[in-house]
Amino acid sequence: MDFAISIPQFFADGEFDPAAFRTHLRRIEQLGFHSGWTQEQVLTINAQPQLSPLETMTYAAACTERLRLGCSVFVSTLHTPVHLAKALSSLDQVSRGRVEVGVGHGGQGRMFSAFGVDREGVASRFAEGVRLMRALWTEPTVTFDGRFWQLEQAKMEPKPFQKPAPPVWFGGGHPNALRRAVRLGDGFFGAGSSTTEKFADQVRTVRSLLDEAGRDPGGFRIAKRIYIAVDDNPDRARTRIAQSLEKLYGTPNFAAVSVAGTPADCIRGVREVIDAGAGLVLFTPMFDEPEQTERLAAEVIPQLR
């Protein structure tokens with residue numbers, strides 16, 4: 001069982017404090033978290049400013065020595081796979097093999113036109129891009145004749161530090177997304193916007209698909225993001241996280257996906273996610289990150305091991 005935590009990214013113009021960021025990341029590492037994770041939102045929605053994931057991960061790599069670093073998820077359809085493969089391979093080298101890669105195609109609500117991407121065939125583009133990235137990471141010379149990208153005798157060096165490549169997690173909850181995860185991925189990452197009950201259904205589907213594909217379930221990891229708030233006053237915890245999620249998603253209907261309350265309340269809620277099948281839990285505090293990180297490490301995680 002592994003426990004991860006989100007890396008702060010919500011900073012308005014001029015708010016980022018390098019010293020505070022370094023201190024927080026080093027404390028996360030000292031507390032023994034398995035990994036720190038970012039998210040990707042290129043264009044600001046609901047007035048939420050957010051640093052880009054790759055640059056945040058790179059800065060975090062320079063602040064730490066052991067902490068693994070991931071993104072859940074890169075909307076990889078908005079990237080060219082050659083550039084993204086090169087950037088992630090380079091980060092894996094400079095971090096000495098600490099990169100975790102989450103990918104998703106972004107769903108139908110994305111402004112694909114802003115990135116020169118045709119909405120038609122997005123799922124095919126996504127799957128082809130993942131296959132091309134894997135080829136560039138693992139093959140000495142790549143000849144690739146795809147619908148969207150074509151390469152002939154192309155070489156990308158250096159390869160990732162991790163061999164054969166960094167772990168690739170797939171997001172998304174639609175049955176088609178789960179099938180792609182089993183076919184192309186190393187793991188499935190449940191969204192923070194999903195309830196525990198919905199996540200449990202997705203896990204059952206994933207396990208059934210793994211069995212159909214003849215894949216060893218022990219070699220396929222399952223994780224879930226949990227929006228969480230620990231407070232001795234449970235009503236205050238629930239109110240604050242509901243307000244934070246409403247600001248993040250632009251709707252008041254997401255409070256039910258969170259785990260909030262006293263340490264005992266949080267232990268119970270996280271335990272339900274673990275029992276549903278998560279082998280990695282990504283805690284995502286929405287406010288007071290340093291304080292929440294300390295409380296999770298001292299009061300919640302020890303009761304879950």
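Explain nothing, just the number: relative contact order of the range 219-305, from Cα pairs under 8 Å at least 6 residues apart, as a whole percent.
Numbers: 123 pairs, mean separation 34.5, N = 87.
Computed value for the range 219-305: 40 percent relative contact order.
Add -39500 (n - 2.57) for each DSSP H run of 4 or more in the chain, then divide by its residues: what number comes out at 222 nm, to the nearest 500 deg cm²/dmol? Numbers along the way, then the final one.
On the way: 9 runs with 119 residues, N = 305.
Helix-only estimate at 222 nm: -12500 deg cm²/dmol.
Evaluate E = 1/(1 + (r/R0)^6) for residue 148 and residue 11, where r is the Cβ-Cβ distance and R0 equals 30 Å; express this FRET efficiency to the nearest 0.05. All intermediate terms of the calculation are to be shown ahead of the outcome.
On the way: r = 34 Å, r/R0 = 1.13.
Efficiency for this residue pair is about 0.30.
Could you state the accessible area per residue of the range 221-305 in Å², with a 1.4 Å probe and every protein chain left in place? Mind showing how you got there, number by number?
Details: 3580 Å² over 85 residues.
Counting only protein heavy atoms, the per-residue value for the range 221-305 is 42 Å².
Give me the lysines in straight-line cross-link reach of residue 198: C-alpha distance below 17 Å, same-chain residues under 8 apart excluded.
224
State the extension gain, in nm to one decimal, for the chain segment bounded by residue 141 and residue 155, taking 0.36 nm per residue of separation less the distance between their alpha-carbons. Numbers along the way, then the final one.
Values: separation 14, 0.36 × 14 = 5.04 nm, distance 0.49 nm.
Residue separation times 0.36 nm, minus the Cα-Cα distance, leaves 4.5 nm.
Grab the Cα-Cα distance for residue 62 and residue 1, subtract it from 0.36 nm times how many residues apart they are, and report the gain in nm with one decimal. The partial results should precede the final answer.
On the way: separation 61, 0.36 × 61 = 21.96 nm, distance 2.61 nm.
Here the answer is 19.3 nm.
What percentage of all Cα-Cα pairs in the range 1-87 are separated by more than 16 Å?
The share of Cα pairs beyond 16 Å in the range 1-87 comes to 55 percent.
May I ask you to give the solvent-accessible area per residue for the range 2-166, in square angstrom, as obtained with a 1.4 angstrom probe?
On the way: 7720 Å² over 165 residues.
Per-residue accessible area for the range 2-166 comes out at 47 Å².
Kindly give the semi-axes, whole Å and largest first, of the ellipsoid equivalent to the range 2-166, taking each as the square root of 5 times a Cα gyration tensor eigenvalue.
Numbers: eigenvalues 159, 92, 28 Å².
They are 28, 21, 12 Å, listed largest first.
Picking from 137, 149, 37, which is most flexible by a Gaussian network model of the chain using Cα springs under 10 Å?
With Cα springs under 10 Å in the chain, the top fluctuation among 137, 149, 37 is at 149.
Taking every eigenvalue of the Cα gyration tensor of the range 255-305, multiplying by 5 and rooting it, what semi-axes result, largest first, whole Å? Spell out each step's value before the answer.
On the way: eigenvalues 56, 33, 22 Å².
Calculated on Cα positions only, the semi-axes equal 17, 13, 11 Å.
Of all accessible surface on the chain at a 1.4 Å probe, what whole percent is carbon and sulfur?
Values: 6870 of 13920 Å².
Reported share for carbon and sulfur atoms: 49 percent.
May I ask you to compute the full-extension gain from residue 119 to residue 19, defined as 0.36 nm times their residue separation minus their alpha-carbon distance, rounded to one decimal in nm? Numbers along the way, then the final one.
Values: separation 100, 0.36 × 100 = 36.00 nm, distance 4.13 nm.
This chain segment gains 31.9 nm when fully extended.
Taking 22 Å as R0, compute the FRET efficiency from the Cβ-Cβ separation of residue 96 and residue 55 and round it to 0.05.
On the way: r = 19 Å, r/R0 = 0.85.
Efficiency computed from Cβ-Cβ geometry: 0.75.
From Cα pairs below 8 angstrom and at least 6 apart in sequence, can you work out the relative contact order of the chain, rounded to a whole percent?
Details: 528 pairs, mean separation 49.7, N = 305.
Computed over the chain, the figure is 16 percent.
For the chain, what does the equivalent ellipsoid look like in terms of its semi-axes, each the square root of 5 times an eigenvalue of the Cα gyration tensor, given largest first in whole Å?
They are 31, 22, 20 Å, listed largest first.
Report the one residue of 73, 227, 150 whose Cα lies farthest in the direction of the positive end of the charge dipole of the chain (charges on C-beta: Lys and Arg +1, Asp and Glu -1; origin at the Cα centre).
Checking the options against the dipole of the chain, the answer is 150.
Write out the trypsin sites (Lys or Arg not before Pro) in the range 123-169 meeting two conditions: DSSP loop, and at most 13 other Cβ atoms within 10 Å of their Cβ. List each step's numbers first, then the result.
Working: sites: 125, 131, 134, 147, 155; in loops: 147, 155.
The qualifying sites are 147, 155.
With every protein chain kept in the model, how would you rank 110, 26 by accessible area, 1.4 Å probe, largest at the top? Spell out each step's value before the answer.
Values: 110 60, 26 110 Å².
Heavy-atom accessible area, descending, gives 26, 110.
The values are calculated or read from the model by the stated rules, or taken from the named source; none is laboratory data. Note that the structure is predicted; figures quoted are calculated from it, not measured. Ideal geometry is used to build each Cβ from the backbone, glycine not excepted, and the neighbour counts take in all protein chains shown. When the accessible area is computed, the model is the full protein with side chains, heavy atoms only, and any ligands, DNA or RNA have been set aside. Shrake-Rupley method; radii C 1.70, N 1.55, O 1.52, S 1.80 Å.
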